[in-house]
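Okay, so here's the structure we're looking at.
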Amino acid sequence: MAPGIARDSPHMSPTPASQSPGRVLEDEIIPARAPWDHVLRRGERLRIIDVEGNQSGDFLMYALHDDSERYSAQDTIAAQGNIFLRQGTVLLSNEGNEMAVITATTVARHDTIGGACSCESNTLRYGHHTKAQHACVENFLDSHARHGRGKRDMVSNINWFMNVPVEVDGTLGIVDGISAPGLYVELEARMDLMAVISNCPQINNPCNAFNPTPLRVIITAPISSACSGAS
Ligand SMILES: [Zn+2]
């Protein structure tokens, strides 16, 4: 939970859409465990809302003109000299171009090193009985299959709302989240791109508080391109 923000604060819900400047193009709920993808044009904003709190949203981006250009965790981390994604972080592609910038976040930081859960990693970490459990990689592949992509197009992803602290000796943890109901992150696209979200189905570690829940996504166009007088 972010400092100074109470879980039951009336200011955190239920109308974050009204706080987002611009004309609303999409306002959708991603059901628990489900994949989602959508085109974002340069200048459009995507707000992802952690509706019930402590829900990881695994996230990838691909350039629309050529999807061999895609989000790069390594380039993003190296450029900002920090492993956490915060307000102002510029999300870079594997070609070093700006794909998006984090324009707002009510959660202090987000992860981009913890990776996406898969049936295989679940089996290794949590036992063979988890092999049949749906996982983020399957969600990404579900989206990819509808857009001509496949396993070779999987790259290191962002985990919105996931808390992966790094100790001084470099040890990683996946621990209780610092998000809460109604908190959100908002991106502005710096190029035309496809955003892909896996609403993480993980039930074996605290990234979803052991209980996957819905995410809400709102896409807005900048005011300057909205119709005059639009509300
Ligand atoms: Zn996952």
Please give the number of the condition residue 176 fails out of (1) under 29 Å from residue 133 (Cβ atoms); (2) more than 15 Å from the ligand (Cβ to nearest atom); (3) free of Cβ contacts under 8 Å to residues at least 60 places away in the same chain; (4) open to solvent by 50 Å² or more (accessible area, probe 1.4 Å).
(3)
Applying the selection to the range 95-141, what residues are open to solvent by 20 Å² or more (accessible area, probe 1.4 Å) and of a type in the set (Phe, Trp, Tyr)?
126
Considering every residue within the range 186-195, establish whether at least one is without any contact (Cβ under 8 Å) to a residue 40 or more places away in the chain, over 20 Å from residue 29 (Cβ atoms) and away from the ligand (no atom under 15 Å from the Cβ).
no
Unique residue being surrounded by 18 or more Cβ atoms within 10 Å (Cβ to Cβ), more than 16 Å from the ligand (Cβ to nearest atom) and touching a residue at least 24 places away in the same chain (Cβ under 8 Å) when the list is 46, 60:
46
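The values are calculated or read from the model by the stated rules, or taken from the named source; none is laboratory data. Only a predicted model underlies this, so the values are computations on that prediction, with no experimental measurement involved. Positions of Cβ are generated from backbone atoms using ideal geometry, with glycine treated the same way; all protein chains shown enter the neighbour counts. Each accessible area value is taken on the protein alone, full model and side chains, heavy atoms only, with ligands, DNA and RNA left out. Shrake-Rupley method; radii C 1.70, N 1.55, O 1.52, S 1.80 Å.
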